[in-house]
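See structure below.
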Amino acid sequence: MIEALGLTKRYGDVLAVDDLSFRIPPGQVTGFLGPNGSGKTTTMRMILGLDRPSAGSVTVNGHRYVDLPVPMREVGAMLDARAVHPRRTAYNHLRCLARSNGIGRSRVDAVLELVGLDGAADTRAGTFSLGMAQRLGIAAALLGDPGVLILDEPANGLDPEGMHWIRGLLRDLAGEGRTVLLSSHALNEMTHIADHLIVIGRGSIVADASTEQLLKSDDTPRVLVRVADGYGESLSRAVVEAGADVRRMADGALLVSGLDSTRISALAAAGGEDISELTPQVASLEETFMRLTGAYVDYRAVAGEWR
């Protein structure tokens, strides 16, 4: 269990985390989402005792992290997968961590095999790809067989097989009754991993709900439309004029947001276009995230022609 009460962090005049209160219970995967600069990593650092809160408190299993007698046996964490001495082998990196926490050699071998690095145990960490570094960071987090896991962008750099693996691993760990907190910008992947989502913007909570509830909270009608002949150019124009958004998919279909099937069908009939498909769509996590955090984005690119 992780619990924050009024957690606040200031850096001079900058309010990085603003009065956060939340509970992260065992037995589920909790996703921690927010735009760049929203305070996710700062919050994780305060949970782990790396930053001191300006106000409020955060505890793990009822205790401050710094008061845990053998932290690695209770909390496994990965904030920066590259935080490894580059000349140490994967095995020696984990062995040093294990010895400092009273963990035996057999556990080092076990986690290397678990993350798929047993064949690279004697390889220097500085030569690892980003995906391999991520696996080593996850191995370090699992070294003490902890009941709580805190992972910052654990899927970053993983290939499709790695994404499938990390999804199954985290689901299994939560199924064993562990507390799992992870941040990620891979939003579609989070739909498959996270049971619950906490979304923050500029240090404040924007949403705290189950993944299912959060997706259902976006009631904007979305419909996938296929036109029998052509690409539906006139229908696209009519949809936009009616105040909706339209996006052409890779296969030529239209994704219309803001109008229901009945209204789209009427517009198509008025324009003389035959529709072969009208399928209502559920909002994606990416769309829901953009709706929730649009007002909190600090760094926004401007679309336009490249010169």
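Okay, residues lined up against (1) assigned by TED's automatic domain parsing to the domain that holds Met46; (2) without any contact (Cβ under 8 Å) to a residue 60 or more places away in the chain; (3) under 28 Å from Glu212 (Cβ atoms):
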site	(1), (2), (3)
Val115	yes, yes, no
Ala120	yes, yes, no
Arg124	yes, yes, no
Gly131	yes, yes, no
Leu151	yes, no, yes
Trp165	yes, yes, yes
Ala174	yes, no, yes
Val180	yes, no, yes
Ala186	yes, yes, yes
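When only residues in region 192-219 that are in a loop (DSSP other than H, G, I, E, B) and among the small types (Gly, Ala, Ser) count, which is farthest from Tyr296 (Cα to Cα)? Working first, answer last.
Narrowing region 192-219 to residues in a loop (DSSP other than H, G, I, E, B): 194-195, 202-203, 217-219.
Now drop any that are not among the small types (Gly, Ala, Ser), which leaves 194, 203, 217.
Details: Ala194: 22, Gly203: 10, Ser217: 19 Å.
Looking at residues that are in a loop (DSSP other than H, G, I, E, B) and among the small types (Gly, Ala, Ser), I get Ala194.
Output the residues belonging to region 107-125 that are within 10 Å of Thr89 (Cβ to Cβ) and out of contact with any Asp or Glu (no Cβ under 9 Å at 6 or more places or on another chain). Full working, then the answer.
First pass over region 107-125, keeping only residues within 10 Å of Thr89 (Cβ to Cβ): 120-125.
The answer is Ala120, Asp122, Thr123, Arg124, Ala125.
Pick from region 116-154 the residues that are part of a loop (DSSP other than H, G, I, E, B) and touching a Lys or Arg at 6+ places or on another chain (Cβ under 8 Å): which of them is nearest to Val29 (Cα to Cα)? Steps first, please.
Here is the first cut: in region 116-154, the ones part of a loop (DSSP other than H, G, I, E, B) are 116-117, 121-123, 128-129, 143-147, 153-154.
Narrowing the set further to residues that are touching a Lys or Arg at 6+ places or on another chain (Cβ under 8 Å) leaves 116-117, 143-147.
Numbers: Gly116: 22, Leu117: 24, Leu143: 19, Gly144: 19, Asp145: 17, Pro146: 15, Gly147: 12 Å.
Only one residue tops the list, namely Gly147.
Which condition breaks for Ala174 when tested against (1) closer than 14 Å to Leu114 by Cα; (2) modelled with pLDDT of 95 or more; (3) in a helix (DSSP H, G or I)?
(1)
Which residues, taken from region 230-251, are in contact with a strand residue (DSSP E or B) (Cβ under 7 Å, 6 or more places away or on another chain), free of Cβ contacts under 8 Å to residues at least 12 places away in the same chain and outside any helix (DSSP H, G or I)?
The first filter runs over region 230-251 and keeps only residues in contact with a strand residue (DSSP E or B) (Cβ under 7 Å, 6 or more places away or on another chain), leaving 232, 235-236, 239-240, 244-249.
Those left that are additionally free of Cβ contacts under 8 Å to residues at least 12 places away in the same chain: 240, 246-247.
Scanning region 230-251 gives Val246, Arg247.
Checking Glu273 against (1) within 26 Å of the chain's Cα centre (by Cα); (2) surrounded by 18 or more Cβ atoms within 10 Å (Cβ to Cβ); (3) of a type in the set (D, E, K, R), which single condition isn't satisfied?
(1)
Report whether or not Gly126 is exposed (fewer than 15 other Cβ atoms within 10 Å of the Cβ) and in contact with a Pro (Cβ under 8 Å, 6 or more places away or on another chain).
Working: exposed (fewer than 15 other Cβ atoms within 10 Å of the Cβ): yes; in contact with a Pro (Cβ under 8 Å, 6 or more places away or on another chain): yes.
Yes; evaluated as a whole, the condition is true for this residue.
Scanning region 43-97 for residues that are farther than 26 Å from Ala4 by Cβ and basic (Lys, Arg), which turns out surrounded by the most Cβ atoms within 10 Å (Cβ to Cβ)? Spell out the reasoning first.
Looking only at region 43-97, we keep the residues that are farther than 26 Å from Ala4 by Cβ, and these are 82, 84-97.
The next check asks that each one be basic (Lys, Arg); those that pass are 82, 87-88, 95.
Values: Arg82: 13, Arg87: 10, Arg88: 15, Arg95: 19.
So the residue we want is Arg95.
Can you work out which of the residues in region 142-164 that are farther than 25 Å from Glu3 by Cβ and either of a type in the set (Asp, Glu) or surrounded by fewer than 18 Cβ atoms within 10 Å (Cβ to Cβ) (or both) is nearest to the chain's Cα centre (by Cα)?
So the residue we want is Asn156.
The values are calculated or read from the model by the stated rules, or taken from the named source; none is laboratory data. Only a predicted model underlies this, so the values are computations on that prediction, with no experimental measurement involved. We place every Cβ from the backbone using ideal geometry, glycine too, and count neighbours over all the protein chains shown.
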